[in-house]
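Working notes, beginning with the structure itself.
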Amino acid sequence: PAKLSLQSDIGIAGLRAYYKLNNDITDYSGNNNTATAINTLTGAENRFHETDKAMSCSGAGLSVPTSLMGNAQNKTVSMWFKRRVNAGPAGLLLGYEIASPGAWNPVLYIGNDGVLRSWIYQGGAAPMNTGVTVNDTLWHHVVFVTTGSNTQAVYFDGVQKSTMSGNLNPGSPTLLKIGTGYANTGIPGIANNGQQPFNGYIDEVRFYNASLSAVDI
């Protein structure tokens, strides 16, 4: 019988961008959402122990079109990540900001305390605390989903861990970054102001112009 691909394309409606990160930054969705490398990217071993099939961060990352988040309504972001051994503060998995930080949104991040948090800014509301502490060096799957104009949720390894209601207000960012982003001590778990690169590895990032269901995830 034919061998199944462990990294097969997932045919879920609404896929806008798919960065396999197989030692390249190509959008494999067919929608030409071109990515730009931030600093020098290097390959890494993925969760299937395949060489150069994931992206090594820690100062490097991708800048992708802000239209992938747009008004933040009915969107989904899915990715795999893994922390480094003795990495210290983990940093941002996904950041949304203007070119000169002042309006910014760490959409998905792991704070100095190891806690996974997420949000699309709601004006004064604190980020969602997923209740998940990620201090291991295993691969994990995280999905951020927005539904309508006022609901957001986070799934961790296939299980919904947090949800929040309130007006989604992403502002007018000019940058959407994978593997880094701006944040400061005004939000939980961040000890220093400035760019907060993720100290680890990221793989298979997908953006959907749809709210994926628990079954999809």
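The values are calculated or read from the model by the stated rules, or taken from the named source; none is laboratory data. As the structure is a computational prediction, the values presented were derived from the model and not from experiment. Neighbour counts are summed over all protein chains in view; Cβ atoms, including those assigned to glycine, are modelled from backbone coordinates with ideal geometry. Accessible surface areas use protein heavy atoms only, side chains included; no ligands, DNA or RNA. Shrake-Rupley method; radii C 1.70, N 1.55, O 1.52, S 1.80 Å.
Annotations
- Restricting segment 83-103 to residues that are surrounded by fewer than 22 Cβ atoms within 10 Å (Cβ to Cβ) and closer than 17 Å to residue 54 by Cα, the residue that is modelled with the lowest pLDDT is 85.
- Single unsatisfied condition, residue 112 versus (1) in contact with a helix residue (DSSP H, G or I) (Cβ under 9 Å, 6 or more places away or on another chain); (2) within 14 Å of residue 187 (Cβ to Cβ): (1)
- Condition check for residue 194: in contact (Cβ under 8 Å) with a residue 12 or more places away in the chain and crowded, with 21+ Cβ neighbours inside 10 Å: no
A quick yes/no check of all residues on (1) open to solvent by 60 Å² or more (accessible area, probe 1.4 Å); (2) in a loop (DSSP other than H, G, I, E, B):
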position	(1), (2)
21	no, yes
34	yes, yes
43	no, no
73	yes, yes
79	no, no
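- Scanning segment 104-135 for residues that are part of a loop (DSSP other than H, G, I, E, B), open to solvent by less than 50 Å² (accessible area, probe 1.4 Å) and more than 18 Å from residue 207 (Cβ to Cβ) gives 111, 114, 122, 123, 125, 127, 134.
- Cβ separations smaller than 9 Å between residues 6+ apart or across chains give the following pairs from segment 37-52 residues that are in contact (Cβ under 8 Å) with a residue 60 or more places away in the chain to residues that are open to solvent by less than 50 Å² (accessible area, probe 1.4 Å) and aromatic (Phe, Trp, Tyr): 46/139; 47/139.
- Within segment 48-71, considering residues that are buried (at least 20 other Cβ atoms within 10 Å of the Cβ) and in a loop (DSSP other than H, G, I, E, B), the one farthest from the chain's Cα centre (by Cα): 53
- Residues of segment 139-157 include at least one that is buried (at least 17 other Cβ atoms within 10 Å of the Cβ), small (Gly, Ala, Ser) and either closer than 22 Å to residue 68 by Cα or free of Cβ contacts under 8 Å to residues at least 40 places away in the same chain (or both).
- Qualifying residue in segment 89-98 (condition: over 15 Å from residue 199 (Cβ atoms) and assigned to a loop (DSSP other than H, G, I, E, B)): yes
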